[in-house]
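K.L.:
To start, I am sharing the structure in question, which I have written as structure tokens.
What follows is calculated from the coordinates using simple rules that are stated; it is not laboratory data. If you're wondering where the values come from, they're calculated on a predicted model, not measured in any experiment. Cβ coordinates were reconstructed from backbone atoms using ideal geometry, including for glycine residues, and neighbour counts include every protein chain displayed.
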Amino acid sequence: MDVNDIIRPENMVYAKTPILTDTVMHYCPGCPHGTVHKVIAEVIEEMGIQDKTIGISPVGCAVLAYNYIDIDWEQAAHGRAPALATATKRLNPDKYVFTYQGDGDLASIGTAEVMHACNRGENIVVIFINNAIYGMTGGQMAPTTLLGQKTATTPYGRDAKLNGYPLKITELIAQLEGTCYVTRQSAHNPAAVRKLKKAVRKAFENSMMDKGTSFVEVVSTCNSGWKLSPVQANKWMEENMFPFYQLGDLKDR
Amino acid sequence: MLIIPVQFSVGMKKWTKMKVELIIAGFGGQGVLSMGKILAYSGIMQDMEVSWMPSYGPEMRGGTANVTVILSDKKIGSPILGKCDTVIVLNQQSMDKFESYVKPGGLLLYDPNGITRHPQRKDINVCSIDAAEESARMGNLKAFNMIVLGAFLKKNPVVSLESVVKGLQKSLPQRHHHLIPMNEEAIKVGMDKVVDVNVL
Amino acid sequence: MAEKILMKGNEAIAHGAIRCGADGYFGYPITPQSEVMETLMEEKPWETTGMVVLQAESETSSINMVYGGATTGKKVMTSSSSLGISLMAEGLSYLAGAELPCVVVNVMRGGPGLGTIQPGQADYFQAVKGGGHGDYKMIVLAPASAQDMYDFVGLGFDLAFKYRIPAMILSDGVIGQMMEKVELGEMKPRRTAEEIREQCPWALTGKTSDRNRNIITSLALDPNVQERTNIRLQEKYKAIQENEVRYTTYMVEDAEYLFVAYGSMSRICEAAVDQAREAGYKVGLLRPVTLFPYPEKQICDLVPQLKGILTVEMSAGQMVEDVRLAVNGKVPVEFFGRNGGIVPSPDEVYEAFVKLFNK
């Protein structure tokens with residue numbers, strides 16, 4: 001049997017969503033950004049909202065997210081995505097507006113913007129990729145870096161006396177009256193990806209129901225920054241990240 | 001004479017050239033800024049050009065406040081003055097600061113309450129109005145600044161009482177319009193009670 | 001004739017915004033410009049024109065909200081004062097880099113640092129020469145009256161959208177706090193979604209099948225791409241310099257001496273010109289209305305009739321550098337200024353003129 005006999009429409013079991021562009025991603029092999037992008041793209045396709053969605057990319061590895069998801073995009077200054085999203089949504093209430101931010105962007109330089117956008121209950125979606133490190137700049141300490149974790153700026157491991165403690169910003173966000181849905185997910189295996197997709201879909205749906213802000217944290221790896229293989233990185237995440245950043249819904253109303 | 005009407009002809013039409021520059025100074029809460037505003041509004045009612053430039057900042061909260069008001073029948077250049085025709089002074093700090101601002105031959109009007117050092121200058125007209133006392137007598141302490149305004153208008157009728165009333169109608173929200181007759185009354189009291197201290 | 005209303009320059013900004021069809025205002029309180037947002041909140045334009053007004057958590061957020069609104073082709077603006085504008089510097093550079101139109105009002109106070117809340121003009125360099133990082137410019141309009149404050153909001157948006165560039169209204173505490181008569185123009189409706197789609201094909205209006213996705217970004221990892229962008233920006237600035245210079249003059253026809261001043265200082269200088277004329281000196285005034293583009297040619301053209309120029313600012317001397325560049329040594333250029341929140345009186349300006357030119 002020739003291979004072309006197999007490649008037939010009736011045999012198709014999976015197709016890439018057309019919302020994901022054909023541009024080759026710049027992410028490192030093993031990085032979960034691509035998976036999370038795909039999940040968002042699939043949700044946009046399934047909800048039929050390509051013409052109604054505006055994405056906001058951060059500063060960090062995901063700065064170029066606009067090359068991969070085929071919707072209108074704006075690129076924010078470091079940490080400011082929730083401020084952009086606030087105005088974009090308030091001026092265009094018919095649009096689904098989401099930010100896509102890493103831990104340095106959201107939980108360090110952009111702490112004020114995300115807290116206040118969530119506190120105002122902006123009807124936006126915040127996707128928060130937490131890999132406990134600054135990937136783009138070469139693996140420095142993030143606010144979410146675990147105690148003892150080695151990074152380029154904590155070469156002897158994060159020391160609370162020197163660097164303070166890992167910031168559970170999602171727990172803080174869940175305390176805010178303005179948020180309606182706060183959840184912590186991961187994307188490291190098919191089951192987790194399916195759960196993540198459900199969460200993202202719920203968050204997008206919330207943003208048209210005038211319920212407030214939906215916040216989806218994705219606990220992630222950065223195998224390059226962590227200097228581990230993708231498999232080792234997933235294992236390290238399960239053993240070290242998950243006990244501290246526990247998965248599940250923190251708030252759903 | 002404080003208004004200097006200069007008669008001159010443009011074509012067949014006669015024009016009166018008129019400009020009044022004054023500084024009102026006192027405590028925040030005495031109605032210094034709103035008195036200036038009412039004067040400016042009255043000028044607008046007479047189709048004059050006006051500017052109202054306040055001191056601003058912490059003095060709003062009980063410190064000293066002052067405002068520079070200019071009414072003119074031509075475009076106003078500088079809204080800020082080094083010297084001016086008239087200074088209205090409502091506390092000692094303002095007396096200390098602004099007595100020197102009055103141009104020779106100009107007018108200094110003040111409320112003597114709380115004034116420990118009275119005006120020294122002899123090259124200016126000086127008048128006083130006991131507005132604190134008169135407002136107490138009227139049973140309305142808020143009439144204070146309108147009494148002062150009345151005293152000023154008696155000495156310099158740059159705007160008519162009619163224009164002031166029209167200005168009040170314009171500037172006050174509808175819910176405060178019932179206060180206009182009281183304000184009018186206060187202005188009349190001021191006009192009646194102003195006292196000459198030094199006349200050139 | 002439309003009715004004239006007594007209002008502060010800051011209030012005029014608010015009314016100008018509502019009536020020129022602005023879509024959004026995002027701001028943070030700071031003296032001496034807080035009346036802008038206070039007036040907007042009082043007027044509740046969201047109930048009439050649909051304009052969005054929001055108090056942000058910081059100036060940093062305000063300017064980034066402006067960025068977020070501007071990406072969608074909306075007319076959005078913010079206002080602040082000196083140190084607040086410093087906080088916005090990054091956002092302004094992003095707006096310029098991403099070629100987004102918007103209006104930013106700076107009601108200047110004296111600095112540096114926390115400085116004073118009294119009027120100043122010491123942010124000229126910041127407004128005209130950059131302020132943020134990178135080679136960029138903004139259109140800078142300098143109002144000299146409450147009416148200008150009203151008019152320049154609409155003018156600022158027109159120019160900003162014409163060139164896809166941020167426009168700054170560089171005002172000061174005098175103009176912001178002073179009340180004058182303002183003639184309110186006609187109410188212009190906000191643009192519809194269809195009009196924005198048509199007039200701003202670059203805007204994020206939602207990716208439809210008939211066009212590629214729109215991306216608003218100032219990022220170019222490839223330096224060749226970045227240089228091409230920068231060259232295009234410079235060409236745009238050149239076109240603005242050629243086409244958008246605005247200025248006014250007062251008594252320059254026979255002037256032998258010229259005052260150059262902008263904003264509130266031009267008003268003070270007008271009175272000083274009168275004073276000098278009364279004393280028999282042939283003095284005139286040129287007031288740049290646009291600080292970028294600067295009326296350099298217009299100043300240079302007056303040089304043959306001039307014996308000297310006096311630049312007057314509420315700063316230690318900033319715009320004077322542009323006057324000197326414009327005349328290129330052909331005529332003496334002197335400077336007089338007060339700063340730190342002190343507003344010079346017409347007398348002081350006149351006396352400085354007499355002293356500096358040995359009259």
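K.L.:
Roughly how far apart, in whole Å, are the Cα centres of the range C:13-70 and the range A:104-162?
P.N.:
Their Cα centres are 31 Å away from one another.
K.L.:
Further question on the same structure: For chain C, what ratio Rg/Rh do Cα atoms give with a Kirkwood hydrodynamic radius? Can you show the working numbers first?
P.N.:
Values: Rg = 20.7 Å, Rh = 20.9 Å.
When Rh is taken as the Kirkwood radius, the ratio is 0.99.
K.L.:
Which of these, A:CYS222, A:CYS28, A:CYS180, has the largest mean-square fluctuation under a Gaussian network model of chain A (Cα springs below 10 Å)?
P.N.:
So, out of A:CYS222, A:CYS28, A:CYS180, the one fluctuating most is A:CYS28.
K.L.:
Can you figure out the FRET efficiency of B:GLN174 with C:GLU278, using R₀ = 60 Å and their beta-carbon distance, to the nearest 0.05? If you can, show how the numbers build up before the last one.
P.N.:
Values: r = 47 Å, r/R0 = 0.78.
Efficiency at R0 = 60 Å is approximately 0.80.
K.L.:
Measuring from the lowest to the highest alpha carbon on each principal axis, how far does the range C:4-193 reach, largest first, in angstroms?
P.N.:
Result, largest extent first: 38, 36, 28 Å.
K.L.:
Within the range C:1-87, list the GluC sites (Glu not before Pro) lying in a DSSP loop whose Cβ has at most 14 other Cβ atoms in a 10 Å radius.
P.N.:
The qualifying sites are C:GLU3.
K.L.:
Shifting gears a bit: Charges at C-beta only: +1 for Lys and Arg, -1 for Asp and Glu. How large is the resulting dipole of the protein assembly as shown about its Cα centre, in Debye rounded to 20?
P.N.:
Values: 83 positive and 89 negative charges, 80 e Å.
Dipole about the Cα centre, nearest 20: 380 debye.
K.L.:
Step through the residues of the range C:273-281 one at a time and calculate ³J(HN,Hα) from phi using the Karplus curve (6.51 cos²θ - 1.76 cosθ + 1.60, θ = phi - 60°), rounding each to whole Hz and writing x for Gly and Pro.
P.N.:
4, 4, 4, 5, 4, 4, 7, x, 8
K.L.:
Here's something else I'd like to know. With point charges of +1 on the Cβ of Lys and Arg and -1 on the Cβ of Asp and Glu, referenced to the Cα centre of chain B, which listed residue (B:ILE76, B:MET45, B:ILE115) lies farthest in the positive direction of the dipole?
P.N.:
B:ILE76
K.L.:
Return the distance in nm (one decimal) between the two label points of a simple spin-label model at A:GLN232 and B:ASP96, each offset 7 Å from Cα along Cα→Cβ.
P.N.:
About 7.7 nm separates the two model spin labels.
K.L.:
Any idea which of B:VAL87, B:ASN140, B:VAL195 is furthest toward the positive side of the dipole for chain B, if Lys and Arg beta-carbons carry +1 and Asp and Glu beta-carbons -1?
P.N.:
B:VAL87
K.L.:
Computed over the Cα atoms, what is the radius of gyration of the range C:218-359 divided by 2.2 N^0.38 Å, N being its residue count?
P.N.:
Numbers: Rg = 17.7 Å, N = 142, 2.2 N^0.38 = 14.5 Å.
Ratio of Rg to 2.2 N^0.38 Å for the range C:218-359: 1.23.
K.L.:
For a quick check: with amide H placed at 1.01 Å from N, whose amide H comes under 5 Å from A:GLY102's, ignoring anything fewer than 5 positions away on the same chain?
P.N.:
Amide H neighbours of A:GLY102: A:ILE129.
K.L.:
In a shell of Cβ-Cβ distance under 11 Å around A:SER57, excluding A:SER57 itself, what net charge do Lys and Arg (+1) and Asp and Glu (-1) give?
P.N.:
Neighbourhood net charge equals -2.
K.L.:
Taking Cα centroids, how far is the range A:17-51 from the range C:147-209 in Å?
P.N.:
A separation of 37 Å, based on Cα centres.
K.L.:
Here is a follow-up. Suppose we take every Cα in chain B and form the convex hull; what volume per residue is that in Å³?
P.N.:
Measuring per residue, one finds 125 Å³ for the Cα hull of chain B.
K.L.:
Evaluate the range C:185-286: find the radius of gyration of its Cα atoms, find its Kirkwood radius, and give the ratio Rg to Rh.
P.N.:
On the way: Rg = 23.8 Å, Rh = 19.0 Å.
Dividing the radius of gyration by the Kirkwood radius yields 1.25.
K.L.:
Follow-up. For the range C:209-257, run through the GluC sites (Glu not before Pro) and keep only the ones in DSSP coil with at most 11 other Cβ atoms within 10 Å of their Cβ. Before the final figure, lay out the partial values.
P.N.:
Details: sites: C:GLU227, C:GLU235, C:GLU242, C:GLU244, C:GLU253, C:GLU256; in loops: C:GLU244, C:GLU253, C:GLU256.
Those that pass, being in a loop and sparsely packed, are C:GLU253.
K.L.:
Kindly put A:GLU239, C:GLU348, C:GLU270 in sequence by how many other C-beta atoms sit within 10 Å of each C-beta, fewest to most.
P.N.:
Values: A:GLU239 9, C:GLU348 17, C:GLU270 24.
Final ranking by Cβ density, sparse to dense: A:GLU239, C:GLU348, C:GLU270.
K.L.:
Right, something else. For C:TYR67, C:TYR257, A:TYR14, what ranking results if the residue with the fewest other Cβ atoms within 10 Å of its Cβ goes first? Before the final figure, lay out the partial values.
P.N.:
Details: C:TYR67 31, C:TYR257 24, A:TYR14 4.
Taking fewest neighbouring Cβ atoms as first place, the list is A:TYR14, C:TYR257, C:TYR67.
K.L.:
Further question on the same structure: Highest GNM mean-square fluctuation, chain A, Cα pairs closer than 10 Å: which of A:LYS89, A:LYS227, A:LYS211?
P.N.:
A:LYS227
K.L.:
Roughly how large, in nm² to one decimal, is the mean projection of the convex hull of the alpha-carbon atoms in the range A:60-137?
P.N.:
Working: hull surface 20.0 nm².
Across all orientations, the range A:60-137 yields a mean hull projection of 5.0 nm².
K.L.:
If exposed means no more than 11 neighbouring beta carbons inside 10 Å and the site is in a DSSP loop, what's the longest run of chain B without any exposed trypsin sites (Lys or Arg not before Pro)? Working shown, then result.
P.N.:
Working: sites that count: B:LYS74, B:LYS75, B:ARG117, B:LYS122.
My reading of the result: B:123-200 is the longest stretch.
K.L.:
Could I have the simple spin-label model distance between C:ALA316 and C:ALA220, label points 7 Å from Cα toward Cβ, reported in nm to one decimal?
P.N.:
3.7
K.L.:
Moving to a separate point now. Show the residues, 5+ positions off or on another chain, whose built amide H is closer than 5 Å to the amide H of A:GLN140.
P.N.:
A:TYR134, A:ALA152
K.L.:
Find, to one decimal place in angstroms, the Kirkwood hydrodynamic radius of the range B:17-126, where the mean of 1/r is taken over every pair of different Cα atoms and then inverted. It would help to have the intermediate numbers written out before the result.
P.N.:
Working: mean 1/r = 0.0708 Å⁻¹.
When all Cα pairs of the range B:17-126 are included, the Kirkwood radius is 14.1 Å.
K.L.:
Continuing with this model, one more query. Hey, for a label at A:LEU147 modelled as a point 7 Å past Cα toward Cβ, could you say which residues of the range A:213-240 have their backbone N under 18 Å away?
P.N.:
A:239-240
K.L.:
Placing +1 at every Lys and Arg Cβ and -1 at every Asp and Glu Cβ, with all other atoms neutral, what dipole size does the range C:248-356 have around its Cα centre, in debye to the nearest 20? Let's see the in-between values first.
P.N.:
On the way: 10 positive and 15 negative charges, 34 e Å.
The dipole magnitude comes to about 160 debye.
K.L.:
Also, quick follow-up: From the Cα gyration tensor of the range C:112-226, with a ≥ b ≥ c the square roots of its eigenvalues, which class applies: rounded if a/c is under 1.5, or else prolate if a/b is larger than b/c, or else oblate?
P.N.:
Working: a/c = 3.33, a/b = 1.38, b/c = 2.42.
Oblate shape, in that a/c is at least 1.5 and b/c is the bigger or equal ratio.
K.L.:
In debye to the nearest 20, how big a dipole does chain A give about its Cα centre with +1 on each Lys and Arg Cβ and -1 on each Asp and Glu Cβ?
P.N.:
Numbers: 25 positive and 26 negative charges, 138 e Å.
Approximately 660 debye in magnitude.
K.L.:
Where the convex hull is taken over the Cα atoms of chain A, what is its projected area averaged over directions, in nm²? Let's see the in-between values first.
P.N.:
Details: hull surface 57.9 nm².
Convex hull of Cα atoms, orientation-averaged projection: 14.5 nm².
K.L.:
Taking chain C as a Gaussian network, where each spring joins two C-alpha atoms under 10 Å apart, which residue of C:SER209, C:SER80, C:SER315 fluctuates the most?
P.N.:
Comparing C:SER209, C:SER80, C:SER315 in a Gaussian network model of chain C, the most mobile one is C:SER209.
K.L.:
Moving to a separate point now. If each Cα of the protein assembly as shown is one equal point scatterer, what is log10 of I(q)/I(0) from the Debye formula at q = 0.06, 0.11 Å⁻¹?
P.N.:
Summing over Cα pairs of the protein assembly as shown leads to -0.48, -1.17.
K.L.:
Which whole-Hz couplings ³J(HN,Hα) result when phi for each residue of the range A:51-59 is put into the Karplus expression 6.51 cos²θ - 1.76 cosθ + 1.60, θ = phi - 60°, listed in order with x for Gly and Pro?
P.N.:
Each residue's phi maps through the Karplus curve to give 7, 10, 10, 10, x, 10, 8, x, 9 Hz.
K.L.:
Which residue, A:GLY34, A:GLY110, A:ASN189, has the largest displacement toward the positive end of the dipole of chain A when charges sit on each Cβ (Lys, Arg +1; Asp, Glu -1)?
P.N.:
Final value for the positive-end residue is A:GLY110.
K.L.:
Sticking with this structure for a sec: Can you compute the modelled spin-label distance between A:GLU45 and C:GLN55, with each label point 7 Å from Cα toward Cβ, in nm?
P.N.:
4.6
K.L.:
List, in order, the whole-Hz ³J(HN,Hα) value for each residue of the range B:134-150 obtained from phi through the Karplus relation with A = 6.51, B = -1.76, C = 1.60 and θ = phi - 60°; use x for Gly and Pro.
P.N.:
Result, rounded to whole Hz: 5, 5, 5, 4, 6, x, 8, 5, 6, 6, 3, 6, 6, 5, 4, 4, x.
K.L.:
What is the Cα centroid distance between the range B:137-174 and the range C:247-269, reported in whole angstrom?
P.N.:
37
K.L.:
Can you list residues from other chains, or at least 5 along the same chain, whose modelled amide H is less than 5 Å from the amide H of A:VAL219?
P.N.:
A:ASN130, A:GLN185, A:SER186
K.L.:
Any of B:LYS83/B:LYS122; A:LYS95/A:LYS251; C:LYS162/C:LYS236; A:LYS202/C:LYS207; B:LYS19/B:LYS166; B:LYS75/C:LYS181 with alpha carbons more than 19 Å apart? Name them for me. List each step's numbers first, then the result.
P.N.:
On the way: B:LYS83/B:LYS122 17 Å; A:LYS95/A:LYS251 24 Å; C:LYS162/C:LYS236 11 Å; A:LYS202/C:LYS207 22 Å; B:LYS19/B:LYS166 21 Å; B:LYS75/C:LYS181 11 Å.
In this structure, A:LYS95/A:LYS251; A:LYS202/C:LYS207; B:LYS19/B:LYS166 exceed 19 Å between Cα atoms.
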